[in-house]
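Report on one structure; see the data block that follows.
The values are calculated or read from the model by the stated rules, or taken from the named source; none is laboratory data. Model, not experiment: these values are computed from the prediction. Every residue, glycine as well, gets a Cβ built from its backbone with ideal geometry; the counts of neighbours run over all protein chains shown.
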Amino acid sequence: MITKGKTLEITEKTKMNGNKTTAISAERRTQRGISVLAFFVPAFIMLILFIIRGIYPFGDRSFLFSDMYHQYMPFLSEFVHKIKAGEGLSYSYNVGIGSNFLALYVYYVASPFNWLVFLLPESLIMEFMSYLVILRIGLMGLTFSIYLRKTFGKADPAVILFSTCYALSGYLAAYNWNVMWLDCLILLPLILLGAERLAREGRWIMYTVTLGLCILTNYYISIMICIFLVLYFGMLLITEYYTMTEGQSQKVKTVFCRIGRFAFASLLAGGLAAALLIPEVCAILRTDFGNSDFPATLESYFSVFDMLARHCLCVTTERGLEHWPNIYCGVAVFLLVPMYALNEKISVRKRFCNLALAGFLLLSFGTNVLDFLWHGLNYPDSLPARQSFLYIFLILVMCYDAFRNVEGTSPRQIIYGYLAAVIFLLACEKFVESEDFDTGIEVLTLVFVTIYGVILYLYRTRKSELMRQVLGILVLACIVAELSINTFNTSLGTTGRSAYLGDQEDYKALYTLAREQEGDDFFRIEKFTRKTKNDGTLTGYPTASVFSSTMNSQVMDLYKKLGMRHSKVYYGFDGATAFVSALLNVDYMFGGSDKYENGLYEIVNNSGDVYLYHCKYTLPFGYVAPTGWNVTDEISTGVRAQNQLTEDLGIAEPLLDRATSETSGDNVCITADRAGYYYARINATGTKKVQVLGGTLETQDYSDLKDGSILYLGYLLEGERVTLTNGDDEDETQKVSAEAYVLNEEVLAQAVEILSKEHLENVEMDSTHISGTLSLEEAGRLILSVPYEEGWTVQIDGENAEPEQFGDALMAFDLEAGEHTIQMHYVPEGRNIGILVSAGSVLILLGYVLYQRCDRKRKDCAENEPSQKAADETMENENAEKTHTEEGSVKEEAGRM
């Protein structure tokens, strides 16, 4: 029987639960609203800037800048071509003269977002990449807001201010085009949130999964995040240790347990990514990046004072070889960081640890040894201080902590902080020598610092909720304006969309024509002048050039020996003579006009302004030379190397004869001794750019030149004259030093005839297999125009064989006379072991999750059992009481009767 009192009690509890549910629902709505704004505010700012810049469809510009222009667009195009053709990701003949595509995919294209490209037509790949940047910037704001809300436990609208600063920081202004890094910045707040849960509660699933996904997305930036995690987790343990309530021995035990879990979870995260990580490491170790020497001496690039000045508004972003970090994240930091340092409402240990870590990061930007360590035992080849997003994250977290604890800062301290910021900015004008800092930057920064100082003072001294809401809207408007001004002035490089894509259909049509003429034979196409350094992957045809950090450095060394273009991350066909072109199986050339036609190159057809040329002197995919025929290391120049190669074929005369040249001031003039095909060899290491005037090519520009580089001057008639002059507008002091050579076409014809006499026949090729047959009248060296890599396994006549190397780069086999069958299969080195490690890691993770779930159910059952027993006993007592009451009622009724 329910009494009136019980009814009232139940009613009150229902009301309380209803109020609590309503409050929770209101808080969740607030959280959702904050998350939506944290995403859309920075994304909307970026969209508006796209519109202002005229980026398609709002104009004919495209958001292609630097490596996005030369690498990311071409590589994503190749990724799409390969997947649609069903080729898989192992190998590509369109990357250089053949390359491990899995390594390139992991380094450049591994973002899960890139798989969304298949939802759009191929013609919109550029727009897909561009507008994905806006999406990623929005997601950065979202994840940073989630971090602040979860870490500080409050649905605070002020989160939007700081998440927008994170998403549109100076780091993003400098590197927003570097799309392969951006996913890691999205995941960073979630990784650190997982690390904090691990340090405080021992829970590690979120940390492991997010870190594993980060490593899968981009292992390189993940190196920096992992280094930061070690420092950050150590800081967390220090601050958590003093908040533990257990005894001393138990606290020490807990700390060591958390360290063990951190190490295990970190290794497991690496294991989850091992399917891509291990093959990538194997590939990188075979590049020039795998051979870096530790700095011999300790050096400082610049002072901390100079670095702090880069927090100012509209400081020019650094993307070159200087070491300046891009650390701008809103000028309010000049006020909020001192407020954080002095705020008594924040624990001293927490303040000290955060400020010390921020100071260490600042020191890392300006010290060569730390810079070397942060970048994975390497110095960055431009794009400096790639870890500065970690510093920005830490600074903004401290600034938010200072703002939410503004009551711990007195109005007088705010005034003193503002005056200190003004003094610092005035001192910058006097002492900062960087060209990136000028009076306009100082004045603009000072204006916004003053606005924020006034708003902070009013926010601290006015308790009215309405006043604070008005100030919040005002500061959001100021931050939107500030970040928009900075991004507009320091970012958003563009290029013409039509100029970039305009000829693609012409190239594809002419490549199709060449394939029809060649049938099933493998061949390569190159260009007289190129749009990007990866034109083959952009359009989809086999080439002989590549610009990639994962390129085969052995091929680069061969190109260097032959006088062709090269660098630490690039090898290019430019500088190839007609003989080298044949060695590399280049049968066709693309040209932007008909001026290249001569006895070496014949026009086949044209489509629009693009001309297809056929090379007169070509070699098959697999050609046979005398046993041991090779490019020796003792030969230092491309001309001597090529003359030595033809001499080793038994040809007496040189391939390239010295021709007349003379120095005239800073220029070199070449006069043709006889009609023929002329080349120049650059002698001076300081000559990086040369312009050739005169001859059939009229005006031709050459860049990326080094000592020994070869220039093609075209066909010259006897007495015709060309001039080599400095083509570097930025350095007019350069003097050109060069030698002239003329091609001996008879020697070229003999060499090609000797090499093509016997060749690989019945060739079948796909993305992972090569096979063919060979008939030799006498012993010889079979040379294939694909590079040697560890992933190739070779069988000759059914038995495993180890290949030789031509020029320490191309596949070669010294074979005896007779009939031979060649079978080659490619598997990226480390792929199988990587898959096994990842599979094992997934099983461990799933096993732990299942165990945790079963353990939780067991504990719930154990907890519910006493409750159920008590409930049963209560019910029995109530039933007994009810029975007793009913019996008494019966007896009483009987007595009355």
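Under the condition of being touching a Gly at 6+ places or on another chain (Cβ under 7 Å) and closer than 13 Å to THR725 by Cβ, which residue from segment 683-701 is surrounded by the fewest Cβ atoms within 10 Å (Cβ to Cβ)? Out of the qualifying residues, it is ASP701. Within the option set VAL397, VAL422, VAL454, VAL447, being within 21 Å of PRO338 (Cβ to Cβ) and in contact (Cβ under 8 Å) with a residue 40 or more places away in the chain holds for one residue only, VAL397. Taking segment 51-73 as the range and being among the hydrophobic types (A, V, I, L, M, F, W, C), more than 16 Å from LEU182 (Cα to Cα) and crowded, with 21+ Cβ neighbours inside 10 Å as the test, only ILE55 passes. If you go through segment 778-792 and keep only what is in contact (Cβ under 8 Å) with a residue 40 or more places away in the chain and in a strand (DSSP E or B), you end up with GLY780, ARG781, LEU782, ILE783, LEU784, SER785, VAL786, PRO787.
Being in contact with a His (Cβ under 7 Å, 6 or more places away or on another chain), in a strand (DSSP E or B) and surrounded by 14 or more Cβ atoms within 10 Å (Cβ to Cβ) is a description that does not apply to MET811. Annotation: TRP177 fulfils all but one of (1) assigned to a helix (DSSP H, G or I); (2) within 29 Å of CYS314 (Cα to Cα); the unmet one is (1).
Would you confirm whether any residue within segment 89-108 is more than 21 Å from the chain's Cα centre (by Cα) and in a helix (DSSP H, G or I)? Within segment 89-108 (the criterion being more than 21 Å from the chain's Cα centre (by Cα) and in a helix (DSSP H, G or I)), the answer is no, since none of the residues qualifies. When ASN744 is tested against the conditions (1) touching a strand residue (DSSP E or B) at 6+ places or on another chain (Cβ under 8 Å); (2) surrounded by 15 or more Cβ atoms within 10 Å (Cβ to Cβ); (3) under 30 Å from LYS533 (Cβ atoms); (4) of a type outside the set (Asp, Glu), the lone failure is (3). The one condition from (1) more than 15 Å from THR164 (Cα to Cα); (2) modelled with pLDDT of 55 or more that ILE10 does not meet is (2). How about segment 199-215: which of its residues are surrounded by 23 or more Cβ atoms within 10 Å (Cβ to Cβ) and of a type in the set (A, V, I, L, M)? Within segment 199-215, ALA199, LEU211, ILE215 meet the criteria.
The rows are residues; the columns are (1) under 27 Å from TYR500 (Cα atoms); (2) assigned to a loop (DSSP other than H, G, I, E, B).
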residue	(1), (2)
SER549	yes, yes
GLN554	no, no
LYS560	no, no
ALA582	no, no
ILE603	yes, no
ASN606	yes, no
TYR611	yes, no
THR618	no, yes
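Could you tell me whether any residue of segment 207-223 is without any contact (Cβ under 8 Å) to a residue 24 or more places away in the chain, within 26 Å of GLY271 (Cα to Cα) and not polar (S, T, N, Q)? Within segment 207-223, not a single residue is without any contact (Cβ under 8 Å) to a residue 24 or more places away in the chain, within 26 Å of GLY271 (Cα to Cα) and not polar (S, T, N, Q). Those helices (runs of 4 or more DSSP H) of segment 452-518 in which 1 or more residues are closer than 30 Å to PHE621 by Cβ and either touching a helix residue (DSSP H, G or I) at 6+ places or on another chain (Cβ under 7 Å) or aromatic (Phe, Trp, Tyr) (or both) occupy 504-518. Scanning segment 308-329 for residues that are in contact with a Pro (Cβ under 7 Å, 6 or more places away or on another chain) and surrounded by fewer than 24 Cβ atoms within 10 Å (Cβ to Cβ) turns up GLU318, GLU322, HIS323.
Going by the conditions given, is LEU713 closer than 24 Å to ALA582 by Cα and assigned by TED's automatic domain parsing to the domain that holds GLY575? Considered against the rule, which asks whether it is closer than 24 Å to ALA582 by Cα and assigned by TED's automatic domain parsing to the domain that holds GLY575, LEU713 comes out as yes.
The residues of segment 438-486 that are surrounded by fewer than 16 Cβ atoms within 10 Å (Cβ to Cβ), small (Gly, Ala, Ser) and either in the same structural domain as CYS428 (by TED's automatic domain parsing) or over 33 Å from the mean Cα position of the chain (by Cα) (or both), listed by number, are GLY440, SER464.
Residue-wise test of (1) surrounded by 15 or more Cβ atoms within 10 Å (Cβ to Cβ); (2) over 16 Å from ALA578 (Cβ atoms); (3) in contact with a strand residue (DSSP E or B) (Cβ under 9 Å, 6 or more places away or on another chain); (4) not assigned by TED's automatic domain parsing to the domain that holds PHE806.
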residue	(1), (2), (3), (4)
VAL639	yes, no, yes, yes
ILE651	yes, no, no, yes
THR660	no, yes, yes, yes
ASN667	yes, yes, yes, yes
ALA672	yes, yes, yes, yes
ALA675	no, no, yes, yes
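Scoring CYS428 on the criteria (1) modelled with pLDDT under 90; (2) farther than 30 Å from ILE225 by Cβ; (3) surrounded by fewer than 18 Cβ atoms within 10 Å (Cβ to Cβ) leaves a single failure, condition (3).
When segment 368-378 is filtered for residues that are closer than 21 Å to ASP306 by Cα and surrounded by fewer than 20 Cβ atoms within 10 Å (Cβ to Cβ), the ones remaining, listed by number, are ASN368, VAL369, LEU370, PHE372.
Tallying residues that are surrounded by fewer than 22 Cβ atoms within 10 Å (Cβ to Cβ) and in contact with a Leu (Cβ under 9 Å, 6 or more places away or on another chain) within segment 601-613 yields 6.
Among the candidates VAL580, VAL555, single out the residue that is under 25 Å from MET73 (Cα atoms) and outside the structural domain of TYR107 (by TED's automatic domain parsing). Sole residue among the options that is under 25 Å from MET73 (Cα atoms) and outside the structural domain of TYR107 (by TED's automatic domain parsing): VAL555.
Quick one: PRO157 ticks every box in (1) surrounded by fewer than 22 Cβ atoms within 10 Å (Cβ to Cβ); (2) modelled with pLDDT of 95 or more bar one, so which box is it? Single failed check for PRO157: (2). Out of the residues in segment 225-278 that are outside any helix (DSSP H, G or I) and modelled with pLDDT under 95, state the one that is surrounded by the most Cβ atoms within 10 Å (Cβ to Cβ). Looking at the filtered set, the residue picked out is MET244. For segment 31-55, filtering for residues that are closer than 13 Å to VAL159 by Cβ, touching a residue at least 40 places away in the same chain (Cβ under 8 Å) and of a type in the set (Lys, Arg) leaves 0.
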